[in-house]
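These notes concern the structure reproduced below.
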Amino acid sequence: MRVLRGSSSRDGLKFAPIIRCLGIIVSATINTSTMIDQLIKLVQANAGDAIVNNQAIPNQQNDAAIETVARQIMGGLQQRAAQGDVSQVTSLFNGADLSAMGGNSMVGSLISNVAGEFAGRFGVSPQIAQSIASGLIPTVMNQFVNKTNDPNDKAFDLQDMLKGFTGGGGGGGGLNLGELVGGGGSGGGLADMLGKILK
């Protein structure tokens, strides 16, 4: 077995950026996973008439339909944040007019996405899919916003959510997970750093 000699604190410094990047990736993944689980429960609590008791959706597909709604909401918000619209996401949660949630442009996009998924995956007609999404998404988002603004509700934390969306930064100064892993920036990504250190 080969024994490495002459190692110094420089070796630890080499790996420090990688350890930090991996920590951010793991933290963001955990945040997002936890938020998805909580969002599924929130959708489930409001899915009675829209999904569970809706004859257009077979009972055996209820759980899949509920999870689809939750993942479309999370994915839609993540996409907006990834496109640089973090301020739009935060404004939705910080100053949204809850009485007009259905008229919010971001919520409108989520409704369209969910309706498209329902029509494509569950064989629901486009009209029924739109009706389901239009009735369910504003209600879920209304409660989602309320929960993130409730200091006593630890299940939904706006800062944790933004960290999950932006890769740990929570705002414009956050790190981009895509750049950390795959490069694309002037400094290279995690794979580039590993290659330089381990070669």
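Per-residue answers, yes or no, for (1) more than 18 Å from the chain's Cα centre (by Cα); (2) in a helix (DSSP H, G or I); (3) modelled with pLDDT of 90 or more:
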| residue | (1), (2), (3) |
| --- | --- |
| GLN127 | yes, yes, yes |
| SER134 | yes, yes, yes |
| PHE156 | no, no, no |
| MET193 | yes, yes, no |
| ILE197 | yes, yes, no |
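One residue stands out in segment 51-71 among those that are in a helix (DSSP H, G or I) and open to solvent by 20 Å² or more (accessible area, probe 1.4 Å): the one that is nearest to GLY135 (Cα to Cα), namely VAL52.
Listed by first and then second residue, the pairs with beta-carbon distance under 8 Å, at least 6 apart or on different chains, first residue in segment 84-96 and over 19 Å from VAL140 (Cβ atoms) and among the aliphatic types (A, V, I, L, M), second modelled with pLDDT under 80 and assigned to a helix (DSSP H, G or I), are VAL86/LEU162; VAL86/PHE165; VAL86/THR166.
Rundown of residues vs (1) open to solvent by 30 Å² or more (accessible area, probe 1.4 Å); (2) modelled with pLDDT under 80; (3) in contact with a Lys or Arg (Cβ under 9 Å, 6 or more places away or on another chain), yes/no style:
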| position | (1), (2), (3) |
| --- | --- |
| ILE73 | no, no, no |
| GLY76 | no, no, no |
| ALA81 | no, no, no |
| ASP85 | yes, yes, no |
| ASN94 | yes, yes, no |
| GLY103 | yes, yes, no |
| VAL107 | no, no, no |
| SER112 | yes, no, no |
| ALA115 | no, no, no |
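If the condition is being among the charged types (D, E, K, R) and crowded, with 17+ Cβ neighbours inside 10 Å, then segment 122-159 contributes LYS147, ASP157.
The values are calculated or read from the model by the stated rules, or taken from the named source; none is laboratory data. Keep in mind that this is a model prediction, so the values were computed, not measured. Note that we place each Cβ from the backbone using ideal geometry, even for glycine, and neighbour counts take in every protein chain shown. Surface accessibility is based on the protein's heavy atoms, side chains included, excluding ligands, DNA and RNA. Shrake-Rupley method; radii C 1.70, N 1.55, O 1.52, S 1.80 Å.
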